[in-house]
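Q: First, the structure itself, so that you have it in front of you.
The values are calculated or read from the model by the stated rules, or taken from the named source; none is laboratory data. Owing to the predicted nature of the structure, the values given are computational and were not obtained by experimental measurement. Heads up, the Cβs are rebuilt from the backbone with ideal geometry, glycines too, and the neighbour counts pull from every protein chain shown. Areas reflect the complete protein model, heavy atoms only, side chains present, ligands, DNA and RNA absent. Shrake-Rupley method; radii C 1.70, N 1.55, O 1.52, S 1.80 Å.
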Amino acid sequence: MTNSKALKETMKITKLGHAAVLVDVNDARILIDPGSFSSDEAFGLSGLDAVIVTHGHHDHVAPERLEDLLALNTDAVLLAGASTAAGLGPLAKANFRLLLPDESLRIGDVDVTSVGGLHAVIHEDFPREENIGVVLSPVDGPRFFHPGDSYEYTPENIQVLAVPISSPWGKLSEAVEFVRSVSPATIFPIHDALFSEHGKKLFWSWIPKLVGSEVSSISPSEGNPVVYNRSGEFVRSASLDDPAA
């Protein structure tokens, strides 16, 4: 007999270009990493409870556009690490909360836990910068992990995982081992603006083949919400006919 509680639709995730992800869950509305490669839709959102910035690279935060977004969402709290906040100037003053590594705080009925602390190595001549991934844990829903720019940190008990796939710091084998280490129910790609459309499809097709059938893989189109149940299983999307598409 099917467990109706397990099938309950509990979390909606919308990709908004590159690393930007909007999460709607338990009446909380949380936007992660609205950067220079994000869609215009990301900067026109309303009703936000929080905006989270994993690190200060321009593809993850666009301060000039973030200012307008926060003006549209005066009740939203801005969350970022210390180094990132320093680069945001006045934006990190009012309604700002500092994200410390391995800290948990509450946004509505969602626990937000910061993970890690350092960006992936780009080159030995580049100093490693701050990068704080985030786990969103709703009261009655799947745990979602957005790692920012790193495969290094692998929190436990994650049901939905956003996987960076195109960067100057990562490669396919590392992405595969990252997914295997986290062992989520479902994965979807982020950090993909550097790919052509053909390149993205090809690269993403290899990851589920190498990870194995235990993990479901989807590739939602930009701006189309994907709904998950409390176990992190894909339920429905206006842009997907097949969970493995």
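Q: Under 20 Å from the mean Cα position of the chain (by Cα) and free of Cβ contacts under 8 Å to residues at least 60 places away in the same chain: which single residue out of Leu72, Leu66, Leu91 fits that description?
A: Leu66
Q: So which residues in segment 38-63 are crowded, with 24+ Cβ neighbours inside 10 Å and either touching a Ser or Thr at 6+ places or on another chain (Cβ under 6 Å) or touching a residue at least 60 places away in the same chain (Cβ under 8 Å) (or both), if there are any at all?
A: Ala50, Ile52, Val53, Thr54, His55, His60 - these are the residues of segment 38-63 that are crowded, with 24+ Cβ neighbours inside 10 Å and either touching a Ser or Thr at 6+ places or on another chain (Cβ under 6 Å) or touching a residue at least 60 places away in the same chain (Cβ under 8 Å) (or both).
Q: Aliphatic (A, V, I, L, M) and in contact with a helix residue (DSSP H, G or I) (Cβ under 8 Å, 6 or more places away or on another chain), is that true of Val163?
A: The answer is yes for Val163.
Q: Please give the number of the condition Gly35 fails out of (1) modelled with pLDDT of 95 or more; (2) open to solvent by 50 Å² or more (accessible area, probe 1.4 Å); (3) out of contact with any Gly (no Cβ under 6 Å at 6 or more places or on another chain).
A: With (1) modelled with pLDDT of 95 or more; (2) open to solvent by 50 Å² or more (accessible area, probe 1.4 Å); (3) out of contact with any Gly (no Cβ under 6 Å at 6 or more places or on another chain) applied to Gly35, the lone miss is (2).
Q: Only one of these is among the polar types (S, T, N, Q), within 18 Å of the chain's Cα centre (by Cα) and closer than 23 Å to Phe37 by Cβ: Ser231, Ser221, Ser183, Ser216. Name it.
A: Going through Ser231, Ser221, Ser183, Ser216 in turn, just one is among the polar types (S, T, N, Q), within 18 Å of the chain's Cα centre (by Cα) and closer than 23 Å to Phe37 by Cβ: Ser221.
Q: Quick check on Val21: is it in contact with an Asp or Glu (Cβ under 8 Å, 6 or more places away or on another chain) and open to solvent by less than 60 Å² (accessible area, probe 1.4 Å)?
A: Here the answer is yes, as Val21 does meet what is asked.
Q: Next up: Kindly list the number of the only condition in (1) within 28 Å of Val139 (Cα to Cα); (2) exposed (fewer than 15 other Cβ atoms within 10 Å of the Cβ) that fails for Ala71.
A: (1)
Q: Do any strands (runs of 3 or more DSSP E) lying entirely in segment 133-245 carry at least 3 residues that are loosely packed, with under 14 Cβ neighbours inside 10 Å, free of Cβ contacts under 8 Å to residues at least 12 places away in the same chain and of a type outside the set (A, V, I, L, M), and which ones are they?
A: Hits in segment 133-245: none.
Q: In segment 110-130, what residues are in contact with a strand residue (DSSP E or B) (Cβ under 6 Å, 6 or more places away or on another chain), outside any strand (DSSP E or B) and in contact (Cβ under 8 Å) with a residue 12 or more places away in the chain?
A: The answer is Gly116, and nothing else.
Q: Something else about it: Condition (residue is closer than 22 Å to Gly212 by Cβ and in contact with a Lys or Arg (Cβ under 9 Å, 6 or more places away or on another chain)) applied to segment 132-150: is it met by at least one residue?
A: yes
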